[in-house]
Amino acid sequence: MMYEQQQQQQQQQVRMAMGLSDKGDHRRRCIEEERLEIVDLSGMSLDSLPNPSLNLATICKLDLSNNNLQSIPESLTARLLNVLVFDVHSNQLKFLPNSIGCLSKLKILNVSGNLLQTLPKTIENCRSLEELNANFNKLTMLPDTIGFELINLKKLSVNSNKLIFLPQSVTHLTSLRVLDARLNCLGSLPEDLENLINLEVLNVSQNFQNLENLPYSVGLLVSLVELDVSYNKITSLPDSIGCLKKLQKLCVEGNPMVSPPMEVFEQSLHAVKEYLSEKMNAGHKSPQKKKYSWVGKLVKCGTFNGHMMRGGTHGEREGFVMSEYRSIEGLASPRYMGMFSPRRLFSPRTYFSG
């Protein structure tokens, strides 16, 4: 009875992943349930996979986690044409098969807790992928083009690896909501992060004293709610962080922080944002600093109008007064999103909401 209940719960989870709700069409739901196959071979101390006794094309969830697998046959993944969830965490895998690129319907891939040093370039063919968990491996890099095709990716977890940098293409993941890259060896973050318009959580903490600076574009992550940069080597935060209206959690402990000073952090997050906002405003007004300030350049180019309000409500002090929106024709492809950086003209409607 307990096993049957677990199977029913798993089938319900898979139906949800496929977008089938209880309010959906009953006939369609019954048809989908008949063809669903959940295969759970987790925790069986497997060194190799047995010959399957069922049609691999009928599997929508395959769980091979917590075994001793050192490889996955190319022929197996090539035939998992309808798999939505593929879980191989906690094995001894040193590489993933190139045929993983055949999983065009895959939504969740969990390869954490293995010995992977790289991910196959073909993973970018998994265009339905929404969640990639590659924590606790030995990754030294990600595929250069990983961000160009995974347009539906919402969560990228690569913590506890040996990553020295994140590829620039990551900034094209416009659906991304969570980026977890803590416990790596990151020396910097990509520019043009403002393209990640849906990013809510960014965690780059504990990068072993390698991360010294954050790009100004961090302050243009309009949906950011949580930012964790603790235990790095950061001495100052970009003034642009004062623009993050939705930010609710900021973790900076374990850094030799100078700006803002620690007494400001001890007050409140609001005090930190006010400090950075005032510093930014003073920076683009100061003649000797204007050439270093992208804010000053944007004001000069007329991208937005006005300055920080020193009086009035808290909302007025945090926001900018925008000039009239002007559309930019062409270059709509995600591959060209990098054109819209703080160093270039960007849309105030997209990056600052009044």
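The values are calculated or read from the model by the stated rules, or taken from the named source; none is laboratory data. These numbers come from a predicted model, not from an experiment. Positions of Cβ are backbone-derived with ideal geometry, glycine not excepted, and every protein chain shown enters the neighbour counts. Ligands, DNA and RNA are stripped out before the accessible areas are found, and what is left, the full protein with its side chains, is counted by its heavy atoms. Shrake-Rupley method; radii C 1.70, N 1.55, O 1.52, S 1.80 Å.
Summary table below
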| quantity | calculated |
| --- | --- |
| Cβ charges +1 (Lys, Arg) and -1 (Asp, Glu), total dipole of the range 115-192, debye | 260 debye |
| Surface accessible to a 1.4 Å probe, Cys102 within the full protein complex, Å² | 60 Å² |
| Among Ser157, Thr171, Leu193 the positive-end extreme of the charge dipole of the range 144-230 (Cβ point charges) | Ser157 |
| Restraint check, Lys138/Lys233; Lys94/Lys138; Lys249/Lys273; Lys61/Lys121; Lys155/Lys273, Cα-Cα greater than 20 Å | Lys138/Lys233; Lys61/Lys121; Lys155/Lys273 |
| Cβ-defined net charge surrounding Val201, 14 Å radius [Lys, Arg +1; Asp, Glu -1] | +1 |
| Simple label model, 7 Å out from Cα along Cβ direction - Glu226 to His270, nm | 2.3 nm |
| Label point 7 Å beyond Cα of Thr145 along Cβ direction - residues of the range 110-124 with amide nitrogen under 19 Å | 118-124 |
| Neighbourhood charge, 12 Å Cβ-Cβ cut-off, centred on Ser71 and excluding it, Lys, Arg +1 and Asp, Glu -1 | -1 |
